[in-house]
Amino acid sequence: MNGNGHTFLSKVLKIVEEQQSEVTPLIQFKHPEELEAILDLDVTKAVSDAELERCVRQVLQYSVNTSKAIFRNQLYGGTDPYGLSGAWIAEAFNTSQYTFEVAPAFTLIELKMLQHILKLFGILEGDGIFTPGGSISLLYAVVAARFKAYPGVKSQGMRNLPEMLLFTSEDSHYSIKKAAHWLGFGTESVRIIKTNNQGQMSVKELCSAIQRERDLGRIPLMVNATAGTTVFGAIDDLEAIAEICQKFGVWMHVDACWGGSLMLSSNQRSKLKGIERADSISWNPHKMTGAPLQCSVFMVRMRGLLHECNSASAQYLFQQDKFYDVRYDTGDKSVQCGRKIDAFKLWMMWKARGDAGLSKLTDHTMNIASFCQNAISEKPGFRLVTGVMQCPNVCFWYIPTFMRERQEDEQWWELMHKITPKIKELLTLSSQLMVAYTPVRHYKNFFRLAFTFHPVIQESQVLDMLLAIEECGEKVTLQML
């Protein structure tokens, strides 16, 4: 190792630039056993910078190049270059965000970003915090709802509390079940509400379910509405759900981790009408918006509630006799102690692009998704799962030629269930496209193309993706299944 490693830092940017060049493939897939045999992962003995560089390049060679347009596998993609710059600076300064004295500028940045985001979502007097992800934000929401209803839970626990229930749609994120488990409710306390064909929670069934549980003497604590479900990108009827929550006195949380980015555009934000009435909201700028992982925001309507329910008043960290205004020591609102300065990454992006720049990227992303949906509706062999698009999610099947004249009975759909993963395999192994597939309820395996701000995708690239799916689809035979 040369010196203490600082000389190696000068090489890192060059390595990353080379690995993200146009000629670099999306993926060179190897099965786990093969990859383990190829990579030199032993750390027992120190190596020279030259050897370390070789090892790093090898690791990146077999990693997924998420910056490419053809990485459509998850609800995130390439990073915003300004956000990436912010992430590098944040890592270099190695700052933990809990007190003003160790993170003065970064503390003000987080507070400024929270103020701006709360205003964007229509919560003018609220509060918030940056969290490690949407699943943790949901934990914050349940903790806040429980504390608001039963403040004594913080000191006395749940042993003397009535049975509390959480309500969510069948298409919502699985993290609500984990939250129920972690926080002592139990997964059986989660009530699953049916959705319509577009993936939106049934408001009528939600109302009936809450009334039914109240009649049985149970306590409906929280409704978890979704603004942008993982697969269909469905947005629940937030206005109607807000009315129900107000009627029954139930905490309303909106999981807007994916769809919350639509609030950045004046043309799109009407899709989230009613979100301003929520008691809490979660949004992940590291998804659609392209902030570097992780960058997540949790918002709460009631100012002071986060500190009340989460503070532990550690004397060595949050002393009240400091020489500055201790109201700026925001770390006691958090369940974490050490916390990364994630707000800085988002601030870098927003500072560089402004409201107008982010709005333009939002509209472009939605326009590209609409173009993709329209192209699929016109191409032979492609079939949309649903014609309604609320977020930039496009869900569809590709039906190979040999399947098109067959009767579409149960056996036909079972074959389609196997064909979709096989097409995905061929696409991945040929490094043409990484695309997600899934079954949902009665729907057999289908593809989900989800579009994000970065890299900025053009219509020609969308057509290339569909062509790749068609070409690989036509290679599938019955013998492969």
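The values are calculated or read from the model by the stated rules, or taken from the named source; none is laboratory data. None of these values were measured; they are calculated from a predicted model. All Cβ positions, glycine included, derive from the backbone under ideal geometry; neighbour counts span all protein chains shown.
A few points about this structure:
- Leading residue by the ranking (nearest to Glu17 (Cα to Cα)) among those in region 39-59 that are among the acidic types (Asp, Glu) and touching a helix residue (DSSP H, G or I) at 6+ places or on another chain (Cβ under 8 Å): Glu53
- Some residue of region 240-262 being touching a helix residue (DSSP H, G or I) at 6+ places or on another chain (Cβ under 9 Å), touching a residue at least 40 places away in the same chain (Cβ under 8 Å), surrounded by fewer than 22 Cβ atoms within 10 Å (Cβ to Cβ) and part of a strand (DSSP E or B): no
- Cross-chain or 6+ apart pairs with Cβ under 9 Å, region 400-424 first and β-branched (Val, Ile, Thr), then assigned to a loop (DSSP other than H, G, I, E, B): Thr401/Pro380; Thr401/Gly381; Ile419/Ile399; Ile419/Pro400; Ile419/Val476; Ile419/Leu481; Ile423/Pro400; Ile423/Val476
- Filtered residues of region 232-262 (kept if of a type outside the set (Phe, Trp, Tyr) and closer than 18 Å to Lys177 by Cα): Met252, His253, Val254, Asp255, Ala256, Cys257
- Looking across region 313-335, the residues that are surrounded by fewer than 16 Cβ atoms within 10 Å (Cβ to Cβ) and either of a type outside the set (A, V, I, L, M) or not assigned by TED's automatic domain parsing to the domain that holds Glu101 (or both) come down to Ser313, Gln315, Tyr316, Gln319, Gln320, Asp321, Lys322, Phe323, Tyr324, Asp325, Arg327, Tyr328.
- Residues considered: Met389, Met348. Of these, the only one that is of a type in the set (A, V, I, L, M), in a loop (DSSP other than H, G, I, E, B) and under 27 Å from the mean Cα position of the chain (by Cα) is Met389.
- When Gln336, Gln390 are checked against the criterion of being at pLDDT below 95 and under 30 Å from Pro132 (Cβ atoms), a single residue qualifies: Gln336.
- When restricted to residues that are assigned to a loop (DSSP other than H, G, I, E, B), within 20 Å of Gln336 (Cα to Cα) and among the polar types (S, T, N, Q), region 115-172 contains 0.
- Residue satisfying all of: in region 205-239; farther than 25 Å from Leu449 by Cβ and of a type in the set (S, T, N, Q); surrounded by the most Cβ atoms within 10 Å (Cβ to Cβ) among these: Asn224
- Arg159 being closer than 22 Å to Ala144 by Cβ and either at pLDDT 95 or above or in contact with a helix residue (DSSP H, G or I) (Cβ under 9 Å, 6 or more places away or on another chain) (or both): no
- Boolean, Ala375 is among the hydrophobic types (A, V, I, L, M, F, W, C), farther than 27 Å from Thr477 by Cα, in the same structural domain as Lys424 (by TED's automatic domain parsing) and assigned to a helix (DSSP H, G or I): no
- Pairs are defined by a Cβ separation below 7 Å, a sequence spacing of at least 6 or placement on different chains, a first member in region 296-317 that is more than 15 Å from Ser280 (Cβ to Cβ), and a second member that is modelled with pLDDT under 95 and part of a loop (DSSP other than H, G, I, E, B); the pairs so defined are Leu317/Tyr98; Leu317/Thr99.
- Note on region 139-179: residues that are buried (at least 17 other Cβ atoms within 10 Å of the Cβ), in contact with a Lys or Arg (Cβ under 8 Å, 6 or more places away or on another chain) and over 24 Å from Lys204 (Cβ atoms) amount to 2.
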